[in-house]
Amino acid sequence: MGDIQHIRPKRTGIKIIVAAVVVLAVWILGMSVVVTEQNEYTLIKEFGRVDRVITEAGISFKTPFIETTSTLPKQTLIYDLAASDVITMDKKTMVADSYVLWKISDPIKFVKTLNSQISNAESRINTTVYNSIKNVISSMSQTEVITGRDGALSQAIMENIGTSMEQYGIQLICVETKHLDLPSDNKTAVYERMISERNNIAASYTAEGESEATKIQTTTDNEIAISISEAEAKAEKLIAEGEAEYMKILSEAYKDQSRSDFYTFVRSLDAAKASLSGDNKTLILNADSPIAQIFNTIE
């Protein structure tokens, strides 16, 4: 009975030790597992120095107590620059309010140069982008800056920055201008001048259009006058030719005496018919009238 009581404490102690070992093993295993999310980089550091970078989402392992981990964002980030005054090539002051889309392209460079601090990266971006905006706008006139807001200005700023941010492991995706305007103290005067210039351009276009319309109208009137003149000349020619032909026919007809008498008779009848107009159908002729002579000759 005493032996049995002596064995039970031993078994209990063994169970406790086994449980402790299992807990320790689970704890060590938990410290060895590294979970990387889809939108982050995981940095595996050995005694503070980056040993490797995990770029794909999933589970990986590290050496507990020796290796530590930290993360950096993998997704696209946005940095909003403070609005600032810039001066154009023609010495006009403008207010530029811009933002930058960027991401970490090389985590190791980012850690070495910026000590893994997003705030350090934003400070570098702010200085670089502001200097680029100032340099680009200072090489453009105010009109070019305003018309360049459709994308040309952003492209010029990106080209001016070039690859300068790659040394920090940063990729600038784009620089966009949210607000690009005139200072409030001279905005009204500039707008009035722009309106006046646009009105002058519109008046110039209107004058050119009216001048062109006058030229077209004059040309058209001349062409119509020429056409009418040519048509009238042709008509007069045709009338003259018709009258000549008519006279020729009469001449031919009066050559023959019999025909001449006939035509004289027909023309006299036509004349008599023309004189019988209205309700009065009585024809009074003198004896020596050509028409009376024709009727007197009829037997």
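Data for the structure
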quantity: ³J(HN,Hα), Karplus 6.51/-1.76/1.60, whole Hz, each residue of the stretch 206-212, x for Gly, Pro; calculated: 5, 5, 4, x, 5, 5, 5
quantity: Estimated vicinal HN-Hα couplings, Hz - the stretch 133-141 in sequence order (Karplus 6.51, -1.76, 1.60; Gly, Pro = x); calculated: 4, 4, 5, 5, 5, 5, 9, 10, 6
quantity: Taking only Cα atoms of the stretch 76-123, radius of gyration then Dmax in Å; calculated: 15.1, 44
quantity: Long-range amide H partners of ASP51 with built H, under 5 Å; calculated: ILE44, LYS45, GLU46
quantity: For peptides 97-106, 70-79, sequence by mean Cβ density within 10 Å, most packed first; calculated: 97-106, 70-79
quantity: Residues whose placed amide H lies under 5 Å from that of SER105, excluding near-sequence neighbours; calculated: ILE170, GLN171
quantity: Note, ³J(HN,Hα) from phi for the stretch 218-224, Karplus 6.51, -1.76, 1.60, rounded to Hz, x at Gly and Pro; calculated: 5, 4, 5, 4, 4, 5, 5
quantity: Cross-link partners of LYS215 among aspartates and glutamates (Cα-Cα below 16 Å; sequence separation of 8 or more within a chain); calculated: GLU223
quantity: Amide H contacts of LEU81 (H built 1.01 Å from N, under 5 Å, at least 5 apart or other chain); calculated: SER98, TYR99, VAL100
quantity: Charge sum, other residues only, whose C-beta stays under 13 Å from CYS174's C-beta, Lys/Arg counted +1 and Asp/Glu -1; calculated: 0
quantity: Accessible area, probe 1.4 Å, largest first, for residues PHE65, PHE110; calculated: PHE65, PHE110
quantity: Surface/4 estimate of mean projected area, convex hull on alpha-carbon atoms of the stretch 50-108, nm²; calculated: 6.6 nm²
quantity: Residues of the stretch 33-135: accessible area per residue with a 1.4 Å probe, Å²; calculated: 55 Å²
quantity: Distant alpha-carbon pairs in the stretch 98-169 (separation over 22 angstrom), percent; calculated: 29 percent
quantity: Alpha carbon Rg of the stretch 65-214, scaled by the compact-globule rule 2.2 N^0.38 Å; calculated: 1.47
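The values are calculated or read from the model by the stated rules, or taken from the named source; none is laboratory data. Owing to the predicted nature of the structure, the values given are computational and were not obtained by experimental measurement. Please note: Cβ atoms are built from the backbone with ideal geometry, for glycine as well, and neighbour counts cover all protein chains shown. Protein only, heavy atoms only, side chains kept; ligands, DNA and RNA dropped before computing areas. Shrake-Rupley method; radii C 1.70, N 1.55, O 1.52, S 1.80 Å.
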